[in-house]
Each structure stands twice: as structure tokens, then as C-alpha cells.
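A short write-up of the structure that comes next.
The values are calculated or read from the model by the stated rules, or taken from the named source; none is laboratory data. Just so it is clear, the structure is predicted and the values come from calculations on it, not from any experiment. Cβ placement follows ideal geometry from the backbone for every residue including glycine, while neighbour counts extend to all protein chains displayed.
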Amino acid sequence: MNATAVQRRPPSRPAASAAKRWRNLSRAGALLAAGALLSPWLAATQWPQLVPAASAWVALCTTIALRRVESVFVVAGLLAAALALPWRRWFCRWGCPVGLCADVASRIGRGLGCRSRSLPPVGQWVAIATLAGAVVGYPLLLPTDPLAMLAGFFGLLVRPVSAGAIYAALAVPLVCLISVLAPGLWCARVCPLGALQEILWQLGILLRRLSAAGIALGGRASAGSQGGALTGAGSSAHSSAEEHPSAVAGGEEADAGQTTGAADGWPLARRAAIGALIGLFGASLARRTTTGTAGRLRPPSARPEADFLGLCVRCGNCARACPTKIITPDSSPPSLAAFLAPVVSFSAGYCREDCRACTEVCPSGAIAPLPGGDKLAAPLGIARVDMSLCLLGDDRECFVCRNCCPFQAIRLVFCEETYQLTPEIDPQRCPGCGACQVACPVGPRKAIVVYPLG
Amino acid sequence: MNHPLDRRQWLRYVWATGAAAGLARLGTTESLAAEVGESGGFQSSIIAKSKIDANRVNARLVGDRVIQPERQLPVLHRTDVLVVGGGSAGVVAAIAARRAGAEVTLVERYGHFGGLWTGGLVLLILGHIVKGGKQVCQGIGEEIMRRLEKLDGAIINRRPGVNPTVDAEAAKYILVEMVLEAKLKVFLHCWGVDAIMDGQSIRGAVFESKAGRQAILAKVVVDATGDGDVLAAAGAEYEHRSHNVGLVSRIGNLDRVDNQLAGQSPKPRGLGGVTPVPGVNWVNMLGPEVDGLDIEVLTRMELNHRRFIWQNVQKVRKTPGYEKVYLVETAPQLGVRITRVLAGVKTITRADLDAGTKFPDVVGVGGASHAEHGEWQVPYGALLPVKIDNLLAAGRCVSAEMRMADLVRLIPNCFVTGHAAGVAAAVAAMDGCRPRDVDISKVQRILREQEAYLG
């Protein structure tokens with residue numbers, strides 16, 4: 001195949017390199033745009049959401065898992081998915097910033113003498129398994145989405161840099177490293193977003209065939225609706241003929257290996273069936289391990305732990321958006337299922353009563369939107385007092401937690417019998433914001449600590 | 001000669017000698033008694049005989065109402081700055097005003113200075129440091145601390161970033177020294193009961209004492225009563241709040257606790273914290289949240305708290321190893337934390353603390369109770385009543401929102417607001433202007449000269 005590609009290249013070279021230049025420019029623009037969206041200047045607005053949400057894979061999986069379109073930004077991803085039906089791997093070619101990085105890395109790799117390697121279509125397995133997981137609400141491998149990984153890279157902008165942020169930021173460099181060692185391998189074989197587009201494109205061919213057959217057999221369908229499909233099929237066939245051999249899927253390096261039997265539905269169907277079984281099994285397995293992470297505090301308005309861990313794409317948007325920097329990617333979770341999931345800790349600040357930044361930037365709905373910003377409607381936990389540590393337990397002068405509580409959820413109750421003054425927390429008023437825990441003068445173990453609900 | 005004195009004769013001798021001695025000294029004794037009004041010798045003197053206070057105007061029962069008739073009050077004293085209340089805020093205010101050049105009169109309800117700090121046995125000095133350990137209480141408050149440091153057994157834990165603990169008697173002594181050095185006019189055992197008003201301006205205050213009602217006239221009055229007695233009497237707007245009322249005590253012989261025995265049973269409650277006196281701890285009490293202005297409540301607090309303290313010490317003594325522990329004293333003053341709080345021109349808020357707001361009219365910087373947050377500024381407006389003139393608040397009754405009251409009332413923060421009120425009062429009195437029209441930059445300059453920290 002390589003031989004044919006080489007043979008065919010010279011005649012189409014000027015046109016191909018011009019197109020390539022435009023594509024690279026477009027992807028560089030996407031990279032810049034992503035960088036701008038993920039930079040701290042925009043962190044307080046909803047825009048960082050767009051970076052992972054524009055991924056067709058993320059958008060499809062979260063929409064399936066949630067059974068609704070969570071936000072307008074997800075529409076962008078769904079649109080990207082729809083466009084992948086007629087235009088093969090259009091996002092890889094025109095939009096993917098990580099693909100651009102991988103291409104550059106591949107070029108370096110090739111310059112270093114590294115050779116392309118072959119691999120089964122891992123990306124397709126991942127994409128299918130995750131889609132199947134999404135059906136049961138646990139799109140398990142979604143964090144391997146390139147746009148989510150790119151967003152994770154920008155977690156390094158948060159100071160101080162946490163261990164979790166470093167791990168999350170390693171994903172894109174890892175993709176580049178893979179591309180250096182095995183040029184083109186990531187985009188062609190591993191990337192699940194590329195693979196999903198490939199699947200969608202094949203689906204598109206099937207659909208066009210079916211509709212073409214429908215026209216041939218029935219011929220009575222309305223001209224308008226069928227016309228679109230017909231044109232789509234035509235252009236697709238055209239592009240397939242032209243581009244398949246020159247191997248530009250996912251950038252110049254993605255060879256056509258992944259697209260073997262583009263017109264043949266059988267391997268895809270088989271892959272889909274087995275992948276779906278793996279996905280369903282994996283999802284139920286992963287869901288089971290999430291019980292071990294029940295002790296972790298999640299951002300306000302986070303969905304129930306198992307759903308949360310399944311939906312979270314580990315993009316780090318919430319951690320970057322948090323003005324008090326209490327959210328960090330979990331670097332040492334009790335279960336692998338929670339690795340790099342955002343975890344809240346009140347070591348420096350608390351969850352501000354006037355803030356809902358993290359709920360506004362989550363692309364996957366792992367953190368549900370909080371319209372109106374009523375923190376009490378979406379508590380992240382509840383404060384509890386350990387009287388063996390509390391200064392009041394020793395009759396020492398301290399009204400700190402009562403006074404700093406932004407929700408006036410703490411009242412001090414005096415017992416006439418024991419002469420003991422005890423802080424009592426009103427569960428109706430405590431959103432688990434952690435203001436009390438931060439302010440508690442007892443240390444290192446605080447006398448008042450926020451625990452997850454339940 | 002050779003027969004001894006019989007008992008009757010002996011008594012006669014004794015009587016005669018005594019009478020002679022008494023007669024001989026009568027002249028000098030009487031003159032001394034007349035002069036000083038105190039006993040001049042071995043028995044107390046009569047200051048006035050068969051006295052009936054002629055000029056009294058009694059309250060009258062009219063129907064079932066009690067009517068206090070109008071009457072003229074003797075003017076005890078005239079002064080530039082009158083500071084009502086000799087607690088931590090009042091003493092510092094008076095000294096600051098005097099050092100700024102004003103004639104100052106300080107009036108105190110009890111027989112000692114320091115208020116709740118000394119009389120309330122609030123011995124642990126919370127509030128002079130902020131997050132990071134920086135000490136924000138400077139000026140006269142810091143001077144008091146330094147002078148305590150020079151005394152033997154007056155203060156412990158006096159090192160950067162730590163809340164020190166003082167001895168109440170040492171603090172009372174130091175405050176007496178400083179008040180005398182400053183040449184303040186002082187009236188003790190005087191309870192400020194009324195404001196002398198001229199329209200919306202206060203012109204002095206009325207005091208009740210064993211000497212009856214008397215007036216002290218002043219150009220500027222500083223309300224350092226803690227409860228805002230003067231500002232309330234003057235008709236200034238305030239917020240009436242409830243807070244926990246406790247009673248602090250001290251226990252002794254903790255150095256004679258048998259540690260071997262004590263280790264075998266759980267530590268009893270109410271052992272308190274160390275004081276500069278070896279073996280003596282101070283024991284805080286938080287108490288219930290009540291209205292500290294209600295005399296029935298205050299009475300109930302005193303009775304209940306005293307009973308609890310005694311019984312708790314007995315419980316401690318029944319714990320193996322603690323048998324020798326005893327109750328040294330209960331505080332002379334009930335631990336009333338917050339009652340009246342001025343509605344000032346400006347109010348100290350938690351939001352300003354969190355935001356680290358800097359005020360152009362800053363007159364002091366407050367600290368945290370447990371170094372859990374940064375410094376917060378006291379704007380001059382927090383000492384100023386909205387409508388009443390010639391009156392300044394100092395101490396725990398300055399204008400602060402509810403959640404800041406627990407910071408405002410801390411002793412170093414009372415030093416800070418007292419210092420600010422004292423200097424501002426002196427400047428107003430000497431410049432002949434109302435405190436609200438005072439040249440704030442001049443107040444700030446003098447405060448800085450007196451080594452106050454203004455951020």
C-alpha cells in the first residue's frame with residue numbers, strides 16, 4: 001500500500017501540499033483558539049467548556065449517557081459528529097490541535113529514523129466500548145479524548161501545580177512521544193476521536209448506500225431530502241477515491257489501514273458487537289469500583305459518584321475555573337476509576353458562596369449546571385464537628401466557624417446540665433462549602449470537617 | 001505597797017490612763033479627721049453627726065408609678081476628654097488622649113482598671129496577631145505588653161506568633177502605674193448612668209456613686225463602657241444583641257497533681273490553661289447566649305455560674321491525682337461578651353476583612369482570634385455615631401456587624417479602637433471641632449507618632 005501511495009504521490013503533490021498547508025493552518029488556528037479558551041483570562045466564563053465539548057466523541061457519549069443535550073457547547077460536538085458522516089475524518093484534518101502536535105512529533109520521529117508501526121484499530125475498540133458504556137451511563141474511556149487531554153494540559157496554568165495536574169498534563173506529551181517513536185500511530189490507530197469519525201464515515205457510506213438503494217427500489221421519496229444524501233454520497237465517493245490512497249486521515253500520517261473495508265460493513269458490525277459487550281462489562285466493573293471513592297468530595301452540583309466518575313472527561317476545566325483553587329485532579333484515588341477525577345480539598349480556600357464557575361465549564365455534565373447558583377440545592381457535602389478536637393469541647397474561646405459560615409448554618413447550643421457549648425450544623429443550610437473547615441484554628445486535624453453526603 | 005492591786009483598782013488605772021491618752025490626742029485626731037474624712041487613729045472618726053441629706057430629691061410614688069423629679073446635679077469636674085469605662089479600651093483611650101495633649105478624665109465603675117481583661121480574668125490575649133504570625137496590635141497596647149514583660153511573673157508565652165497569657169494582678173498594677181504616670185484625673189467606683197445632652201451633642205455624663213449623682217462636663221466623651229451605656233443614654237442608634245455570658249475562674253495546685261494517678265483516668269474537664277502563676281490555671285466559661293443587659297438574666301448567670309464552677313472543681317478534686325486542686329477565685333466581673341453595638345457612620349464588616357479593604361480613614365488594624373485570617377482595618381467612621389456629636393465609641397461597642405463582634409471585642413482590638421478614639425477625641429477637643437469634622441490625617445499622624453500600626 002505504501003508503494004502505491006508513493007507511486008501515486010508525485011502527480012497530486014502540488015495540490016495535496018497546498019491542501020495540507022491549509023489544513024495545518026486551520027489546525028494551528030484551532031490550537032490557538034483552544035489555548036485562548038483554556039487560558040485563565042476566560043476561565044470564569046463558560047467558554048472553556050467548548051474545548052472538550054467540541055469533540056464529537058465526548059458530545060455523543062455524554063448526550064447518550066445523560067439522554068439529553070446538556071448545553072449549547074455540546075451541540076458543537078454533535079454537529080462535528082454529523083459532519084463526520086459525509087466528510088471523512090474532517091476534524092482530524094481541519095480541526096484537531098492534538099493531531100497537529102502528533103504530526104509535528106511524527107515528522108520529528110521520522111527525521112530521527114523511527115518507523116511507522118502497525119497496530120489493531122485500538123481507537124475503534126475504545127470508541128465503541130465507550131459508546132456502549134454511555135448507553136448505561138458510564139462512558140468509561142472518555143478521558144482519552146484528545147480534546148479532553150489538551151484541556152488537561154492547560155491544568156498546568158493553575159498555581160500551585162498539583163500532582164494530579166501534572167499527570168493530566170502528561171497525556172498530550174505522551175501522544176507526541178508515541179508519535180515520535182511510531183510516527184502516525186496515534187492518529188491512525190489509537191485516537192478514539194479519529195476512530196469514531198472513521199466509524200461515522202463508514203456508517204455514512206452505509207446510509208448513503210441504503211438511501212441510494214431506496215431510491216433505486218422505491219424511487220418515490222421526496223427529491224429534496226434524498227437529494228442531500230445523494231450529493232453527500234457523491235462527494236464522499238469522490239473524496240474517498242481521491243484521498244484514500246494518499247493517507248491523510250488524521251493528518252498526513254494516518255494511513256488507510258484503519259479504513260480497510262470502508263465499504264464493507266461486516267468487520268465494523270462485528271467490532272461493534274464485541275466492543276459493546278466489552279464496554280458494557282467494563283462500565284459495570286468500573287461502576288462497582290466507584291463505591292470505594294465515596295469518601296471523596298466532589299465539586300458542588302456533581303452527579304452521584306458513579307455517574308460522575310463515568311461522565312468526567314478529566315479535562316480539568318473545573319480545576320482551572322475554580323477561583324479558590326480547591327479543586328484538583330485526584331492523583332492518589334482509592335480506586336483507579338477515580339484517577340484524575342476532580343476532588344475538592346479545603347486546604348487553602350473554600351467553595352465560595354457566590355461562585356458556580358466549575359458548574360459552568362463542565363463539558364460532560366459530570367458537574368450538573370446550577371442555574372441560579374443555589375449552592376444549597378447542590379451541596380457538595382456537610383460539615384461535622386469532632387468535639388474531642390473542638391476548642392469549645394475544652395471551654396476555650398472560639399466562635400470562628402459560627403462567624404465565618406456564609407450560610408449561617410452553624411449555631412452554638414448550650415447545655416444547662418453540662419455547661420457545654422457545642423456547634424450544631426443545620427443540614428438544611430450547610431452546602432459543605434468548607435469555609436468553617438478552612439477557618440477552624442485547630443490543626444493539623446481540623447475539628448470541623450466537610451464530609452460527602454450519605 | 002506590799003499589797004498588790006486588786007482587780008477594780010487595776011481597771012480604774014487602765015481606764016484613767018486610756019482616757020488621759022485619748023484626751024491628749026483628741027485635738028490632733030479631730031483636726032485630721034476633719035481634714036481627710038478618714039480615721040485618724042485607733043477608732044474611726046465621726047465625719048458629720050446626726051446628718052440628714054437635706055438637698056435630696058427622692059423618687060416619688062405617684063399612683064403606682066415611680067416618678068424621678070427634676071433636680072440639679074453637682075458638677076464634679078470639667079475636662080477636655082471624658083472617658084467612661086476603665087477597661088482595656090478606656091485606659092488606652094485616656095492615656096492616648098492625654099499624650100496627645102488633652103486634659104483627660106477617666107471614670108471606672110469598679111475599683112481597678114482593665115475591665116474584663118483583669119476583672120473578668122480574660123487572661124489569654126487573643127487577637128493581636130494575624131495569619132502568618134504578624135502582630136498588628138501596636139501602640140499603647142503593645143507598650144502595656146512590654147511593661148508586663150519587665151515584671152516578674154506577669155506574662156507568659158510572649159513570643160512572636162503566639163497568644164500570650166497575663167496575670168490579672170500584674171495587669172491591674174501596670175495600668176495603675178500608667179494612669180498615674182499619664183497624670184489622668186481618675187474617678188473609680190463611678191457608674192456612668194446618663195448623658196448630658198445639648199440638642200444632638202453630648203456635653204458630659206452623669207455618674208452614680210456612693211457620693212450620689214454627679215456630673216462631669218467634657219468637650220468630647222468616649223464611650224468605653226463595653227455595653228455602650230453612654231451612647232445609648234445619649235440617644236445614639238445601636239444594635240442590641242445577645243451573646244454568651246460566662247464567668248471565668250482560676251484554680252490552683254495544678255503543680256501538685258499526681259501525674260501517675262492522673263494518667264490512669266480520663267482528664268477531668270475544666271482544667272483551663274496556664275497562667276504566669278505556677279500551678280494556677282485560668283478556666284474559661286462560654287455560657288449560654290443571653291441578653292447581657294437584662295439584670296435578671298445577669299443575676300441568674302452569676303448564681304448558676306458560681307454554683308457550676310464550685311461543683312466542677314469538686315468533680316476535679318474527686319478525680320484520682322487531682323485531689324489537691326482548689327478554686328483560687330471566680331472573676332469579679334461576669335463575662336459579658338456583647339450587648340449594645342453602635343450603629344456607626346461606618347461598620348466593620350466581614351466582607352471588608354475578606355477583601356482586605358483599606359480605608360482612607362483607617363485609625364487602627366485588628367487581628368484574628370486564632371491567626372486564622374489576615375488583618376482588618378478599623379475605619380474612623382466605626383467609632384462615630386450617625387447623629388450624636390462629641391461622642392466616640394471605643395472597645396467592643398464600636399460599629400461592627402454581628403460576625404465581626406467576636407473580633408472587635410478581643411482585648412488587643414479594644415486597645416486598638418481605644419487608642420484611636422483617645423487620639424481622635426483629643427484632637428477634636430483641642431481643635432475645637434466635632435469628632436466627625438476632625439482632621440483625620442492629623443489623627444493618623446499622632447497615632448503613628450504613638451507607634452500605632454495603621455496598615
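Condition check ((1) crowded, with 19+ Cβ neighbours inside 10 Å; (2) more than 30 Å from B:ALA195 (Cα to Cα)) across all residues:
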position	(1), (2)
B:GLY235	no, no
B:HIS243	yes, no
B:GLU296	no, no
B:GLU302	no, no
B:PHE308	yes, yes
B:VAL325	yes, yes
B:VAL336	yes, no
Practice item. Among what's in region B:352-398 and is away from chain A (no Cβ under 14 Å) and basic (Lys, Arg), pick the residue that is surrounded by the fewest Cβ atoms within 10 Å (Cβ to Cβ). Key: B:LYS358
**Study point:** Qualifying positions in region B:286-300 - of a type in the set (A, V, I, L, M) and free of Cβ contacts under 8 Å to residues at least 24 places away in the same chain
**Key:** B:ILE295
Review point. When A:ALA348 is evaluated against the numbered criteria (1) surrounded by 17 or more Cβ atoms within 10 Å (Cβ to Cβ); (2) within 14 Å of chain B (Cβ to nearest Cβ), which criterion, by number, is the only one it fails?
Key: (1)
Review point. Going through region B:112-148 one residue at a time, which ones are closer than 19 Å to B:LEU180 by Cβ, in contact with a Leu (Cβ under 9 Å, 6 or more places away or on another chain) and buried (at least 21 other Cβ atoms within 10 Å of the Cβ)?
Key: B:PHE113, B:GLY114, B:TRP117, B:THR118, B:ILE144
**Study point:** Test: residue in region B:284-297 that is more than 14 Å from every other protein chain (Cβ to nearest Cβ), assigned to a helix (DSSP H, G or I) and of a type in the set (Val, Ile, Thr)
**Key:** yes
Review point. For B:LYS267, which of the numbered conditions (1) within 29 Å of B:THR319 (Cα to Cα); (2) within 22 Å of the chain's Cα centre (by Cα); (3) within 14 Å of another protein chain (Cβ to nearest Cβ) fails to hold?
Key: (2)
Revision key, fill the gap. Note on B:VAL248: of the conditions (1) within 14 Å of another protein chain (Cβ to nearest Cβ); (2) touching a Cys at 6+ places or on another chain (Cβ under 9 Å), unmet is (2)
Practice item. Please verify whether region B:343-351 includes one or more residues that are more than 20 Å from B:CYS414 (Cα to Cα), away from every other protein chain (no Cβ under 14 Å) and surrounded by fewer than 19 Cβ atoms within 10 Å (Cβ to Cβ). Key: no
Exercise for review: Identify all residues within region B:213-229 that are within 20 Å of B:CYS433 (Cα to Cα) and either crowded, with 17+ Cβ neighbours inside 10 Å or not assigned by TED's automatic domain parsing to the domain that holds B:VAL107 (or both); write none if there are none.
Suggested key: B:ILE216, B:ALA218, B:LYS219, B:VAL220, B:VAL221, B:VAL222, B:ASP223
Practice item. Residues being assigned to a helix (DSSP H, G or I) and of a type outside the set (Phe, Trp, Tyr): count how many of those fall in region B:385-418. Key: 17
Exercise for review: Select, from B:GLY356, B:GLY395, the only residue that is within 24 Å of the chain's Cα centre (by Cα) and more than 20 Å from B:GLY252 (Cα to Cα).
Suggested key: B:GLY395
Check your understanding: Would a scan of region A:438-446 turn up a residue that is surrounded by fewer than 19 Cβ atoms within 10 Å (Cβ to Cβ), farther than 19 Å from A:PRO379 by Cα, away from chain B (no Cβ under 11 Å) and not polar (S, T, N, Q)?
Key -> yes
Exercise for review: Take region A:112-167 and flag every residue that is of a type in the set (A, V, I, L, M, F, W, C), under 18 Å from A:CYS322 (Cα atoms) and assigned to a loop (DSSP other than H, G, I, E, B).
Suggested key: A:VAL158, A:VAL161
Practice item. Tally the residues that are touching a strand residue (DSSP E or B) at 6+ places or on another chain (Cβ under 6 Å), part of a loop (DSSP other than H, G, I, E, B) and surrounded by fewer than 18 Cβ atoms within 10 Å (Cβ to Cβ), restricting the search to region B:168-212. Key: 1
Check your understanding: Among strands (runs of 3 or more DSSP E) lying entirely in region B:1-86, which contain 3 or more residues that are modelled with pLDDT of 65 or more and within 30 Å of B:ASN390 (Cα to Cα)?
Key -> B:75-84
Review point. Do we have any residue at all in region B:95-115 that's within 14 Å of chain A (Cβ to nearest Cβ) and within 18 Å of B:ASP229 (Cβ to Cβ)?
Key: no
**Study point:** Residue under evaluation B:GLU149, criteria (1) assigned to a loop (DSSP other than H, G, I, E, B); (2) farther than 19 Å from B:GLY120 by Cβ; (3) of a type outside the set (A, V, I, L, M), criterion not met
**Key:** (1)
Review point. Would you call A:SER106 among the hydroxyl-bearing types (Ser, Thr, Tyr) and surrounded by fewer than 17 Cβ atoms within 10 Å (Cβ to Cβ)?
Key: no
**Study point:** Matching option when the condition is out of contact with any strand residue (DSSP E or B) (no Cβ under 8 Å at 6 or more places or on another chain), within 30 Å of A:LEU391 (Cβ to Cβ), aliphatic (A, V, I, L, M) and at pLDDT 95 or above, among B:ILE446, B:ILE348, B:ILE411
**Key:** B:ILE411
